[in-house]
Structure formats: C-alpha cells, structure tokens
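Asker: Below are the structure tokens for one structure; questions will follow.
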Amino acid sequence: MRLPVWLAAVSVVLAAGASQAQDVLRAPAPDWVRSLTSDSQASATDAAPIRILALDEQVRFDAEGVHTHIVRRIRIQTAQGLGMVSTVSAVWSPPSQRLEVHRVRILRGDQVIDVLESQAFQTLQREDNLESSMLDGRLTATLQPRDLRVGDVLETAFTIHDDGGVLAPHRELLKSVSSGLTIDHYRMRATWPATMEMQVKGPETWEGAAPRRQGDQWVFEVDRRAVLPPRMPDDLPTRYYLDKIFQFTDFTDWAAISKLMAPLYVRAETLEADSPLRAEIERIRAEHSTDQARASAALRLVQDQIRYLALSMGEGGYVPATADDVWRSRYGDCKGKTVLLLALLHGLGIEAEAVLVSTGLNDGL
C-alpha cells in the first residue's frame, strides 16, 4: 500500500555562518554595484504622503552566495508621510545571512545629512509569528532618523549577503516589485559569472527582460519609469498578484530540488536503536489488522500527541528534526511531524513519501 504524506512548507530560514552575522556592519557598497542615474528627485509633487522616487535592486550571484543590494529614495510630502517613514529597517536571517549598511542620508535641497554620523542601528529579534508557534530567528535592524522634515528625501542603501546555507552551492532568488504607490524609477540588475548557469524569468508584461553576455559575466537588467501599483479586486488567488516578479535559479528542474531535500528526510526518519517509537509501531500493528487502519492510527498519533511548534532558526528552516527528537519533545513543525509519520508508516511496512508543496504561493510558482 502506498500513501502520500503531504508536507506543508513553512517560511524557511537559510543556515550556516558566523557570529558576526548578528551584527549590523558598516561598509562601502560592493564593487559590483553600479550607481543608478536618475533625475527622480525632480519628480512632480502629488497629494500622496510620500513618493517613491527611486528603488534600485542589484543582485550578484557568485561562489560565495547571493548578494542583494537595495537603494531607496523616498520623498516626504506631508505631515502624515513623516510617520510613514519615521523608521528605517532591514531584516536578515543569521547565521547564513549578514547585513551591511552603506548609507542613510537626508537630502534637503542642496544639503546632504549623513544620519549615521550621529546615530546607530539597534537590532531586534521580533518574531512576528510567535502567536502562531513559529520562531524563525530573523533579526531586524532599526533606526529612527532625527530631524526629518516635510520635503526631505530619505535615502537608504543596504546589502544582504547570503551564503545559501543548506541549499549551497545552489543559488536562487525570487524578487517581487510590490508597492502600494507608484515607483518613479525602478531598476533590477543581476549579474553572475559566465561559468555559472542560471535560469532567469522576468515579468511577462515587461518585454526585453533577458540576460545578455558582457565579457566574463552575464547581466540581466530592467529599467522602468512610473511603475504603477496593481489595481485588483480583493480576495483573488495569490498568483494574480505576482504580475511583477523576477525568478533566478541554477536548479534545472523541480526534481533537482527533490533530490536535494529527500536525503534530509530519510536521515531524520531513521529511528534510534532503543527508540520508544518502535513500541508504538508494534502497538499499532497489534491493534489494527489492515494497512488502512494502521495508517489512520499512525496519523492520529501524530496529530493528537504532537503539538505544532516551528523552530526555524539556523538549519531548522530546511532540515527536519529527527523523529525521535520530535517524539521526546512532543512538538514539531510540518517537517518534524512529517518525518515522525514517515517513521511510523515505514515501520509498519506502509510505503510513504514526503511531498514539498507551497502553501503560500500555490500555483503562482
């Protein structure tokens, strides 16, 4: 008898790294970054509280990982706008990721005020999904610039370096151009060595978005003016909101991802020699005479006796806890519950396998 065991994928946190990944580092912009030439500071003023003058996203794929550089320029147009941009923040996931801040500046006419000369970032571990029993270990760097005024332009520049964690040496990135306001000037620029094979897909509505060879590297660049926010009815399936999305990956197909992840589940479901789960398997076998009844009993055991708790810090975002650890702690996330059920079913001689699914993007992927 063959039964599928569906694994509901939670938000993942990449893993592996150094202690300094928890610090906010000051550094100049990487040498692969190209400045965005824009006259967007001269953009007309409208009635909106703030105006996004420029959003520049640059990505570098290389042997060390995925490096994402983001520059934002936002003009404060009303008193309400002051409250909307009063906090500068950036989020990253140690230990596989580290954050570098390059500049936080206030542009006031011809005056350039370097906020970082007198202020520093604070680091918070907010755990936004704590009430849902999900801990991801992500950190938030936060700063409240002093003396912001209506008419100021706030400019920020950060880079997040990601070594790939469990996915290494594979490289991938999904970026969405999502904003409730018009972006006066938007650019996405990605580069990678010519020796690295990457699959790229840009927004279908943006023609000409394709990589081109430049010397010893590939360059993918999209430069657009007046990028409008989506205007759609509420409660549509997620895929309808993915109208401006960039996908980069060196995985050749979905099977390649399965081959990477499957061994993690095989290892995690392997029971210890003196595992108490062996007694549970024999109890279920003795109490039920058919595979269907035994599978149902195993499922009930996992559902009724293991509470949900996701500890996605470090490698926990991708690597499941072992079946024995889940049973001892009596809690586990989708991965932990899956390997526990796999261990029970395989111990009962019932063929089963885990399936990776997206519970968020669904068929938008």
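The values are calculated or read from the model by the stated rules, or taken from the named source; none is laboratory data. All values reported here derive from a predicted model rather than from experimental measurement. Counting neighbours? That spans all protein chains shown, and the Cβs are built from the backbone with ideal geometry, glycine included.
Asker: G180 passes all but one of (1) modelled with pLDDT of 90 or more; (2) surrounded by fewer than 12 Cβ atoms within 10 Å (Cβ to Cβ); (3) small (G, A, S); which number fails?
Answerer: Condition (1) is where G180 drops out.
Asker: Sticking with this one: Output the number of the condition that Y240 fails; it satisfies all remaining conditions of (1) more than 30 Å from S176 (Cα to Cα); (2) surrounded by fewer than 16 Cβ atoms within 10 Å (Cβ to Cβ); (3) hydroxyl-bearing (S, T, Y).
Answerer: Checking Y240 against (1) more than 30 Å from S176 (Cα to Cα); (2) surrounded by fewer than 16 Cβ atoms within 10 Å (Cβ to Cβ); (3) hydroxyl-bearing (S, T, Y), the one that fails is (1).
Asker: Identify the residue in segment 233-272 that is among the acidic types (D, E) and touching a residue at least 60 places away in the same chain (Cβ under 8 Å) and, among all such residues, is nearest to P193 (Cα to Cα).
Answerer: Restricting to residues being among the acidic types (D, E) and touching a residue at least 60 places away in the same chain (Cβ under 8 Å), the top hit is D250.
Asker: Now for a separate question. Would you check which residues across segment 273-304 are in a helix (DSSP H, G or I), free of Cβ contacts under 8 Å to residues at least 12 places away in the same chain and charged (D, E, K, R) and list them?
Answerer: If the condition is that a residue be in a helix (DSSP H, G or I), free of Cβ contacts under 8 Å to residues at least 12 places away in the same chain and charged (D, E, K, R), then E282, R283, E287, R300, D304 are the ones that fit.
Asker: Quick one: would you say W206 is in contact with a strand residue (DSSP E or B) (Cβ under 7 Å, 6 or more places away or on another chain), assigned to a loop (DSSP other than H, G, I, E, B), of a type outside the set (V, I, T) and surrounded by 14 or more Cβ atoms within 10 Å (Cβ to Cβ)? I'd like the intermediate steps shown before the answer.
Answerer: On the way: in contact with a strand residue (DSSP E or B) (Cβ under 7 Å, 6 or more places away or on another chain): yes; assigned to a loop (DSSP other than H, G, I, E, B): yes; of a type outside the set (V, I, T): yes; surrounded by 14 or more Cβ atoms within 10 Å (Cβ to Cβ): yes.
Yes: the conditions hold for W206.
Asker: Of the conditions (1) surrounded by fewer than 19 Cβ atoms within 10 Å (Cβ to Cβ); (2) among the β-branched types (V, I, T); (3) at pLDDT 95 or above, V59 fails just one. Which one is it?
Answerer: Of everything listed in (1) surrounded by fewer than 19 Cβ atoms within 10 Å (Cβ to Cβ); (2) among the β-branched types (V, I, T); (3) at pLDDT 95 or above, V59 misses just condition (1).
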